[in-house]
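Enquirer: Dropping a structure here in C-alpha coordinates format, bear with me for questions.
The values are calculated or read from the model by the stated rules, or taken from the named source; none is laboratory data. Just so you know, these numbers come straight off a predicted model, no measurement behind them. Cβ: placed from backbone, ideal geometry, glycine included. Neighbour counts: every protein chain shown. Remember, those area values only see protein heavy atoms, side chains included, never the ligands or the DNA or RNA. Shrake-Rupley method; radii C 1.70, N 1.55, O 1.52, S 1.80 Å.
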Amino acid sequence: MTWFWWFLFVCNLVVPVAMIGAGRMMWKHCPQKINGVVGYRTRRSMRNMDTWRFAHDYCGRLWWKLGWWMLLASVLVQLPLFNSGERAVSWAGGVICGVQCAIMIGTVFLVERALGRTFFEDGRRRV
(Lines give C-alpha, C1' and ligand atoms only; values in the text may rest on other atoms or scores of the structure.)
Protein backbone atom coordinates (compact mmCIF):
# COMPACT_ATOMS: atom_id res chain seq x y z
CA MET A 1 0.00 0.00 0.00
CA THR A 2 2.90 2.37 -0.45
CA TRP A 3 1.10 4.03 -3.37
CA PHE A 4 -1.64 5.16 -0.98
CA TRP A 5 0.92 6.59 1.43
CA TRP A 6 2.60 8.48 -1.42
CA PHE A 7 -0.76 9.77 -2.67
CA LEU A 8 -1.72 11.16 0.76
CA PHE A 9 1.80 12.44 1.32
CA VAL A 10 1.59 14.55 -1.85
CA CYS A 11 -1.99 15.63 -1.05
CA ASN A 12 -0.93 16.77 2.42
CA LEU A 13 1.81 18.93 0.94
CA VAL A 14 -0.59 20.86 -1.31
CA VAL A 15 -1.91 23.28 1.35
CA PRO A 16 1.50 24.20 2.85
CA VAL A 17 3.10 24.63 -0.59
CA ALA A 18 0.14 26.74 -1.76
CA MET A 19 0.41 28.91 1.37
CA ILE A 20 4.16 29.37 0.82
CA GLY A 21 3.66 30.35 -2.84
CA ALA A 22 0.57 32.51 -2.35
CA GLY A 23 2.06 34.11 0.75
CA ARG A 24 5.19 35.09 -1.14
CA MET A 25 3.09 36.53 -3.98
CA MET A 26 0.85 38.55 -1.62
CA TRP A 27 3.81 39.79 0.36
CA LYS A 28 6.04 40.74 -2.59
CA HIS A 29 3.51 41.46 -5.34
CA CYS A 30 0.38 43.05 -3.89
CA PRO A 31 -2.26 43.66 -6.59
CA GLN A 32 -1.89 47.27 -7.74
CA LYS A 33 -5.62 47.97 -7.67
CA ILE A 34 -8.26 47.01 -5.14
CA ASN A 35 -10.44 44.42 -6.84
CA GLY A 36 -12.98 41.76 -6.04
CA VAL A 37 -11.20 38.96 -7.90
CA VAL A 38 -7.58 38.58 -6.78
CA GLY A 39 -6.00 39.09 -3.38
CA TYR A 40 -6.96 39.23 0.27
CA ARG A 41 -10.51 40.55 -0.05
CA THR A 42 -12.47 41.51 3.03
CA ARG A 43 -14.55 44.59 3.71
CA ARG A 44 -11.87 45.97 6.02
CA SER A 45 -8.93 45.25 3.69
CA MET A 46 -10.66 46.90 0.71
CA ARG A 47 -11.33 50.27 2.42
CA ASN A 48 -8.39 52.02 0.75
CA MET A 49 -4.94 51.32 -0.72
CA ASP A 50 -3.25 51.59 2.69
CA THR A 51 -5.44 48.86 4.22
CA TRP A 52 -5.15 46.81 1.01
CA ARG A 53 -1.34 46.85 1.05
CA PHE A 54 -1.17 46.25 4.82
CA ALA A 55 -3.47 43.22 4.60
CA HIS A 56 -1.49 41.69 1.74
CA ASP A 57 1.83 42.28 3.46
CA TYR A 58 0.63 40.91 6.81
CA CYS A 59 -1.23 37.91 5.38
CA GLY A 60 1.54 37.14 2.91
CA ARG A 61 4.23 37.05 5.58
CA LEU A 62 1.98 35.02 7.89
CA TRP A 63 1.14 32.45 5.20
CA TRP A 64 4.77 32.22 4.12
CA LYS A 65 5.96 31.48 7.69
CA LEU A 66 3.09 29.17 8.61
CA GLY A 67 3.38 27.34 5.29
CA TRP A 68 6.99 26.36 6.02
CA TRP A 69 6.10 25.22 9.55
CA MET A 70 3.13 23.23 8.28
CA LEU A 71 5.24 21.63 5.55
CA LEU A 72 7.81 20.48 8.09
CA ALA A 73 5.17 19.25 10.55
CA SER A 74 3.25 17.40 7.84
CA VAL A 75 6.35 15.57 6.67
CA LEU A 76 7.43 14.70 10.21
CA VAL A 77 3.99 13.36 11.14
CA GLN A 78 3.50 11.30 8.01
CA LEU A 79 7.00 9.83 7.57
CA PRO A 80 6.75 7.31 10.45
CA LEU A 81 3.58 5.93 8.86
CA PHE A 82 5.33 4.81 5.65
CA ASN A 83 4.79 1.07 6.14
CA SER A 84 1.59 1.37 8.15
CA GLY A 85 -1.78 0.07 7.08
CA GLU A 86 -4.23 1.95 4.92
CA ARG A 87 -6.46 2.79 7.86
CA ALA A 88 -3.69 4.47 9.90
CA VAL A 89 -2.42 6.38 6.89
CA SER A 90 -5.89 7.60 5.95
CA TRP A 91 -6.67 8.71 9.51
CA ALA A 92 -3.37 10.59 9.77
CA GLY A 93 -3.91 12.13 6.35
CA GLY A 94 -7.38 13.31 7.33
CA VAL A 95 -6.17 14.82 10.58
CA ILE A 96 -3.24 16.55 8.88
CA CYS A 97 -5.55 17.99 6.20
CA GLY A 98 -8.07 19.17 8.79
CA VAL A 99 -5.42 20.89 10.89
CA GLN A 100 -3.91 22.55 7.81
CA CYS A 101 -7.29 23.89 6.69
CA ALA A 102 -8.10 25.15 10.20
CA ILE A 103 -4.76 26.99 10.36
CA MET A 104 -5.25 28.52 6.92
CA ILE A 105 -8.78 29.71 7.75
CA GLY A 106 -7.63 30.91 11.18
CA THR A 107 -5.18 33.31 9.58
CA VAL A 108 -8.13 35.42 8.40
CA PHE A 109 -8.95 36.22 12.04
CA LEU A 110 -5.32 37.16 12.73
CA VAL A 111 -5.15 39.48 9.71
CA GLU A 112 -8.48 41.10 10.57
CA ARG A 113 -7.34 41.66 14.15
CA ALA A 114 -4.12 43.28 12.89
CA LEU A 115 -6.14 45.49 10.54
CA GLY A 116 -8.38 46.52 13.45
CA ARG A 117 -5.39 47.39 15.62
CA THR A 118 -3.71 49.40 12.85
CA PHE A 119 -6.67 51.19 11.24
CA PHE A 120 -9.89 52.87 12.34
CA GLU A 121 -13.18 51.60 10.87
CA ASP A 122 -13.09 54.26 8.14
CA GLY A 123 -9.62 53.12 7.00
CA ARG A 124 -7.54 55.87 8.59
CA ARG A 125 -4.33 54.63 10.17
CA ARG A 126 -4.13 54.79 13.96
CA VAL A 127 -1.30 56.87 15.36
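Listed here are the residues, each with its yes/no results for (1) out of contact with any Cys (no Cβ under 8 Å at 6 or more places or on another chain); (2) of a type in the set (Gly, Ala, Ser); (3) open to solvent by less than 50 Å² (accessible area, probe 1.4 Å); (4) modelled with pLDDT under 95.
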| residue | (1), (2), (3), (4) |
| --- | --- |
| Trp3 | yes, no, no, yes |
| Val15 | no, no, yes, no |
| Met49 | yes, no, no, no |
| Leu76 | yes, no, no, no |
| Gly98 | yes, yes, yes, no |
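Enquirer: For the list (1) at pLDDT 95 or above; (2) open to solvent by less than 50 Å² (accessible area, probe 1.4 Å); (3) within 25 Å of Glu112 (Cβ to Cβ), I need the number of the one condition that Asn35 fails.
Expert: (1)
Enquirer: Please count how many residues of segment 1-37 are more than 15 Å from the chain's Cα centre (by Cα) and either free of Cβ contacts under 8 Å to residues at least 60 places away in the same chain or farther than 13 Å from Cys97 by Cβ (or both).
Expert: Result for segment 1-37: 18.
Enquirer: Still on this model: Going by the structure shown, is Asp57 touching a strand residue (DSSP E or B) at 6+ places or on another chain (Cβ under 9 Å) and either surrounded by 15 or more Cβ atoms within 10 Å (Cβ to Cβ) or among the acidic types (Asp, Glu) (or both)? Before the answer, list the steps.
Expert: Details: touching a strand residue (DSSP E or B) at 6+ places or on another chain (Cβ under 9 Å): no; either surrounded by 15 or more Cβ atoms within 10 Å (Cβ to Cβ) or among the acidic types (Asp, Glu) (or both): yes.
Answer is no for this residue.
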